[in-house]
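The values are calculated or read from the model by the stated rules, or taken from the named source; none is laboratory data. Note that this is a predicted model, so its numbers are computed, not measured. Don't worry about glycine lacking a Cβ; one is built from the backbone with ideal geometry, like all the others, and counts go over all protein chains shown. These accessible areas exclude ligands, DNA and RNA; they are computed on the full protein's heavy atoms, side chains included. Shrake-Rupley method; radii C 1.70, N 1.55, O 1.52, S 1.80 Å.
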Amino acid sequence: MNRVITISREFGSGGRELGMRLSEKLEIPFYDKELISLTAQETNLSETEFLSYYESIPVTEQSLEPTIYTSFSPLYEVPISDQVFLAQSRVIKSLAEQGPCIIVGRCADRVLEDSINLFVCAGIEYRIERITSLNKDLDLEIIENKIRETDRKRKDYYQYYTGCEWGKAQNYHLCLDSGLAGIEACYQAVLSYLAYCN
């Protein structure tokens, strides 16, 4: 494998697990939450501060008062969430320059130009069942709300920073429904696909 693999995923669909298994099989580095600490270092923010801006889009308040714009107006300041995205993009490009790896989320499929881009999805029932099996103490309604909220945030973030539609098949090389086939079948399908990508 001589290219970066990016994995975009619906919450609870198993994209992280798929990425970890591929990383182990292909013997290449895996980056998901590790990107948080790497980007926090890049921005000189603590991880706690970084997380408050992570995967969020800037919100601006419009005033009805007429504004006089100067070169020092807040209009020209780059929001911290944008700075975080740019720093994260630099980290992703730097990791890709070091060699093949797997990167989960973070709009990496649009940040990089020559990556192999996967999207993992599944029906809501499967995702609720999967998360419940990993966290037996959680309430089903709480799980469903968390799934829907996380997917909405990912979709908005992706569209804001890339101008592309999150989850649309044309934006990826391979789309996989883990609810239909399971993680193992998705894993085998990706390996078969990758065999023809070099």
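To the nearest 20 Debye, how big is the dipole of segment 81-198 about its Cα centre, given +1 on the beta carbon of each Lys and Arg and -1 on that of each Asp and Glu? All intermediate terms of the calculation are to be shown ahead of the outcome.
Working: 14 positive and 17 negative charges, 52 e Å.
The dipole of segment 81-198 has a size of about 260 debye.
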Item to check | Computed label-point distance, nm, for sites residue 153 and residue 175 using a 7 Å Cα→Cβ extension | outcome: 2.4 nm
Item to check | Spin-label model distance (nm) - residue 138 vs residue 197, 7 Å beyond Cα toward Cβ | outcome: 2.7 nm
Checklist entry - Accessible area per residue, 1.4 Å probe, Å², for segment 81-198: what's the number? => result 54 Å²
Checklist outcome for this item: Counting only residues 5 or more apart in sequence or on a different chain, those whose built amide H sits under 5 Å from that of residue 7 are 103, 104, 105, 118
Item to check | At most 16 other Cβ within 10 Å, DSSP loop - trypsin sites (Lys or Arg not before Pro), segment 137-188 | outcome: 168
Next on the checklist: Suppose each label sits 7 Å from its Cα in the direction of the beta carbon; what would the residue 164-residue 125 distance come out to in nanometres?
Outcome noted: 3.2 nm
Item to check | Surface share of carbon and sulfur [accessible, 1.4 angstrom probe, percent] for segment 106-198 | outcome: 49 percent
